[in-house]
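Quick notes on the structure that follows.
The values are calculated or read from the model by the stated rules, or taken from the named source; none is laboratory data. Here the structure is a predicted model, which is why all the values come from computation and not from measurement. We place every Cβ from the backbone using ideal geometry, glycine too, and count neighbours over all the protein chains shown.
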Amino acid sequence: FPLRTPKDEL
Amino acid sequence: MNIFRLAGDVCHLVAIIILLLKIWRSRSCAGISGKSQVLFAIVFTTRYLDLFTVFISPYNTIMKVVFLALSYATVYLIYMRFRNTFNSENDSFRLEFLLVPVIGLSFLENYAFTPLEILWTFSIFLESVAIMPQLFMITKTGEAESITTHYLFFLGLYRALYIANWVWRYHTEGFFDQIAVVSGVVQTIFYIDFFYLYVTKVLRGRGKMTLP
C-alpha cells in the first residue's frame, strides 16, 4: 500500500 | 479535504453538540454512559497532542480545539455539574476490558515506535470501542431516549462517511492509512445493529427506542 501522508485528518 | 470527510466532521460535531445540549437543557445525564464520554475525551487528548506542534490548516486546528473543549465539557457536566442525575449502576461496563487490549495492540501494531505515534494509534483503536459502554447501557436498560439515539446515529454516520473519504482518497491521491481504515470499519460495524434499530424504531416515530 502507498505510504500514508502526515496526519491531516481529525 | 473532500465532501465525505467534511460531512463526516460535521456529523461528528453535530453528534457531540446534540449530546451536550441534551444534558444541559434537561439538566440530567440519565441514560448517558459517562464512561464512553471519558473514553472520547481520552481519544481526543491522545490524538491531538500535535495540536501545538503541527499546523495543517485553520480548519484542522479549530476543529481539534472544539472537539477537545466540547468533550471535556460533556464529561464535566456528567461527573461534576449533574452528577446527582448520573446513574452509575447502569454504567457498569468494565473499562479495563477495553483499555488493556487497546493499549497492548497499539504497542504491537503502529507505524513507528515513538510516543506520539503510539498514542495516536491508541486513540484510533480506542475510538473504535469507546461507544461500547453506551451501547451496553442501552441493552441493559432496554431503552434509549430518542435524542440519545440521534446522538448515536450521527456518531456512527461520521465514521461511515470517513470510510467513504478513505475510498475517495485512495482513488484520487493514493492515500491509504491501514490502521485508521481497519479501526474505522470495525467501529462502524458496531453501529450496524443500532442503525437497523434506529431506522425501524425511531424514524417510524416511535419516539423512545425500546429494544426487543
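A compact table of results
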| read-out | value |
| --- | --- |
| Selection within region B:1-58 - at positive phi and crowded, with 19+ Cβ neighbours inside 10 Å | B:31 |
| Members of region B:74-113 found to be crowded, with 16+ Cβ neighbours inside 10 Å and of a type in the set (Gly, Ala, Ser), listed by number | B:106 |
| Any hit, region B:141-148, residues being modelled with pLDDT of 95 or more, of a type in the set (A, V, I, L, M, F, W, C) and assigned to a helix (DSSP H, G or I) | no |
| Every residue from region B:186-212 that is polar (S, T, N, Q) and modelled with pLDDT of 95 or more | B:187, B:188 |
| The one condition in (1) within 14 Å of another protein chain (Cβ to nearest Cβ); (2) within 18 Å of the chain's Cα centre (by Cα) that residue B:175 fails to fulfil | (2) |
| Any helices (runs of 4 or more DSSP H) falling wholly within region B:3-115 and containing at least 3 residues that are within 14 Å of chain A (Cβ to nearest Cβ) and under 23 Å from residue B:166 (Cβ atoms) | B:3-26, B:34-47, B:58-76 |
